[in-house]
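Student: Questions regarding the structure given below will be posed in turn.
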Amino acid sequence: MRAGGTLTLLGRWYPRRRSDRRDHQENSIAKHLASAAKCLASVYAWLTSDHVDRILGQWNTERPDLDTSPMAVVGRLSRLSRQIDRELERTVNRHDLDAASFDVLATLRRAGRPYTLSPRDLSASSMVTSSAIAQRLNRLERRALVTRTQDPGDGRGKHVALTPQGLHLINEALPEHLATEHRFLSTLTPGEQEALANLLAKLSAAHG
């Protein structure tokens, strides 16, 4: 072959056909496009993978004999739980509350009028521990957001009730709390949210 797009055959020079040059160019372009597509696919896979995917990849390399698939679920649940807690904490902090104090007020509010529960019922219905309940009640009472009164039917028991100030505060904070949860789940469709809620309920029921 000679420079300038010619071919040699038996000592004679012949111009390379245009179709040959076009085929060569097209093949070269196709190879470059295939290489670029492969590179983009790798970049996309890296960008769309999360921290848990990378952990799983490392374990699959180091311990291919182990089934690490539970980490895909448990690891993400753990990370998401911390992220949700941080988001909701920031939301209720704007009302000078922490998450546990918000939960106490919300539990009393959803109990309905007269927004009163015994400490035992409050602990059973809320999402915080009984020790955290006792600590939060002391703070909320000092802020005049709840009152604790003697149970007329049981001289040793007490009732916890929302004050008008406590009712006003929880009515203000609750919509913001829900808005934060909606934003957190906004990447899921309503159907996906329902399916996820059902799966989590099934898992929760299995483990008490």
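The values are calculated or read from the model by the stated rules, or taken from the named source; none is laboratory data. Since the structure is predicted, the reported quantities are computational estimates derived from the model, not experimental observations. Cβ placement follows ideal geometry from the backbone for every residue including glycine, while neighbour counts extend to all protein chains displayed.
Student: With the condition kept exactly as written, say whether any residue in segment 189-198 is modelled with pLDDT of 95 or more, in a loop (DSSP other than H, G, I, E, B) and of a type in the set (S, T, Y).
Tutor: Looking only at segment 189-198, we keep the residues that are modelled with pLDDT of 95 or more, and these are 189-198.
Then drop every residue that is not in a loop (DSSP other than H, G, I, E, B), which leaves 189.
Now restrict to residues that are of a type in the set (S, T, Y): 189.
Yes, that holds for at least one residue.
This table checks each residue for (1) closer than 25 Å to P119 by Cα; (2) polar (S, T, N, Q); (3) surrounded by fewer than 12 Cβ atoms within 10 Å (Cβ to Cβ); (4) touching a Phe, Trp or Tyr at 6+ places or on another chain (Cβ under 9 Å).
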site: P152; (1), (2), (3), (4): yes, no, yes, no
site: R183; (1), (2), (3), (4): no, no, yes, no
site: T187; (1), (2), (3), (4): no, yes, yes, no
site: N198; (1), (2), (3), (4): no, yes, yes, no
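Student: Just to be sure I understand, how many residues within segment 111-142 are closer than 12 Å to S101 by Cα and over 33 Å from the mean Cα position of the chain (by Cα)?
Tutor: Going through segment 111-142 one residue at a time, the tally reaches 1.
Every residue, every condition in (1) closer than 24 Å to L77 by Cα; (2) of a type outside the set (D, E), yes or no:
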site: D121; (1), (2): no, no
site: A132; (1), (2): yes, yes
site: T149; (1), (2): no, yes
site: P164; (1), (2): no, yes
site: L169; (1), (2): no, yes
site: P175; (1), (2): no, yes
site: A195; (1), (2): yes, yes
site: N198; (1), (2): yes, yes
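Student: Related question: Go through segment 91-153 and tell me which helices (runs of 4 or more DSSP H), entirely inside it, have 3 or more residues that are of a type in the set (A, V, I, L, M, F, W, C) and within 13 Å of G166 (Cβ to Cβ). Can you show your working first?
Tutor: Details: elements: 99-110, 119-125, 130-142.
Correct list: 99-110.
For every residue, the table says whether it meets (1) without any contact (Cβ under 8 Å) to a residue 60 or more places away in the chain; (2) of a type outside the set (S, T, N, Q).
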| position | (1), (2) |
| --- | --- |
| T149 | yes, no |
| P164 | yes, yes |
| L169 | no, yes |
| G191 | yes, yes |
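Student: Condition first: on the phi > 0 side of the Ramachandran plot and modelled with pLDDT of 90 or more. Can you find one or more residues in segment 87-94 that meet it?
Tutor: Initially, segment 87-94 is screened for residues on the phi > 0 side of the Ramachandran plot, giving none.
Checked against the condition, which is being on the phi > 0 side of the Ramachandran plot and modelled with pLDDT of 90 or more, segment 87-94 yields no hits at all.
Student: Let me ask another. Can you confirm whether segment 180-197 contains a residue that is over 20 Å from the mean Cα position of the chain (by Cα) and under 26 Å from R82 (Cβ atoms)? Explain how you work it out, then say what you get.
Tutor: Applying the first criterion (over 20 Å from the mean Cα position of the chain (by Cα)) to segment 180-197 yields none.
So far as segment 180-197 goes, no, none of its residues is over 20 Å from the mean Cα position of the chain (by Cα) and under 26 Å from R82 (Cβ atoms).
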